[in-house]
Amino acid sequence: MKKYINTENKFIPILFQLIILFIWQIAIDKWKVPQYILPSPKDIIITLVDILPNITNHIYATIYEALFGFIISILFSLLLAILMDNVKIIKKCIYPILVVSQTVPIIALAPLFIIWFGFGILPKVIVVVLVCFFPIVISLVDGLESADLDMVNLLKTMGASRLQIFTMVKLPSSTVNLFSGLRIAATYSIMGAVIGEWLGGDKGLGVYMIRAKNSYELDKVFAVIVIIVILSMTLFGLLYLLQYIFTPWTRNSINNNKQN
């Protein structure tokens, strides 16, 4: 019975998405909607296969920018989260600024980075860092604060240093929160790179999308969107795999989430 429920839970979302695509295709065919207004799923798939060999350099450029910015945001988030956890005055000063920073549209800041840093890779990486930084640092801070206080106090009575308390109690207890933030940030990283490319550059999926949009080739625009979704979900799944490998004590919860 449980196996049947798990199969049903996985099958229903897939079936629902297939129904949406089927209705989309039927509607386009019935009302003869021009491709420059809204392409059909069939047209998007055909276009994706056709353009894929020619846009590999754009894909690699976007992946490089996204991963570079993602790694920088992880390192910066780890450093700041540790400081905020150990020095409370830093948290009181910086935490409100972090929250307020998320109210500023990144699309409004990106042009400034282009003006300040040119049309190279740097402004794109900065956009990715700004997009990815917040969910990682907030998740990690919450995870560090949720550590078992009894364990922390026990180690203190045994003469443990702050580093030992961090590595033995706080860091292991915060891994679930950390990976949750990493998965969210990973999906944002590709989007951040594309936003940076929209505003200037000579390569990248964002640059290709702008060129296709200006030519009213919406089938190519949708094909690139499919690629962006695939890349984002690949990073999302990779982080699930890394969590499964490096945090064996969380495997039961991961399996339960997959079954649900």
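Please treat every number below as a calculation from the coordinates, not as lab data. Only a predicted model underlies this, so the values are computations on that prediction, with no experimental measurement involved. A quick note on method: Cβ atoms are made from the backbone with ideal geometry, for glycine too, and the neighbour counts reach across all protein chains shown.
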How many residues of region 106-152 are among the aromatic types (Phe, Trp, Tyr), closer than 17 Å to ALA66 by Cβ and in contact with a Gly (Cβ under 6 Å, 6 or more places away or on another chain)? The answer is 0
Notebook entry, point to check: Within region 120-128, is there a residue that is part of a helix (DSSP H, G or I) and without any contact (Cβ under 8 Å) to a residue 24 or more places away in the chain?
Noted result: yes
Within region 205-237, residues within 18 Å of THR47 (Cα to Cα), touching a residue at least 40 places away in the same chain (Cβ under 8 Å) and either small (Gly, Ala, Ser) or not in a helix (DSSP H, G or I) (or both) come out as GLY206, TYR216, GLU217, ALA223
Restricting attention to region 95-111, the residues that are outside any loop (DSSP other than H, G, I, E, B), aliphatic (A, V, I, L, M) and surrounded by fewer than 15 Cβ atoms within 10 Å (Cβ to Cβ) number exactly 5
The condition of being within 30 Å of GLU217 (Cβ to Cβ), of a type outside the set (Val, Ile, Thr) and assigned to a helix (DSSP H, G or I) holds, among PHE76, PHE11, PHE68, only for PHE68
Would you confirm, using the coordinates I've provided, whether ASN54 is among the polar types (S, T, N, Q) and within 26 Å of the chain's Cα centre (by Cα)?
yes
Flag if VAL137 is under 30 Å from TYR216 (Cα atoms), touching a helix residue (DSSP H, G or I) at 6+ places or on another chain (Cβ under 6 Å) and assigned to a helix (DSSP H, G or I): no
Next on the checklist: Can you say whether ILE74 is in contact (Cβ under 8 Å) with a residue 40 or more places away in the chain and surrounded by 12 or more Cβ atoms within 10 Å (Cβ to Cβ), as far as the supplied structure shows?
Outcome noted: yes
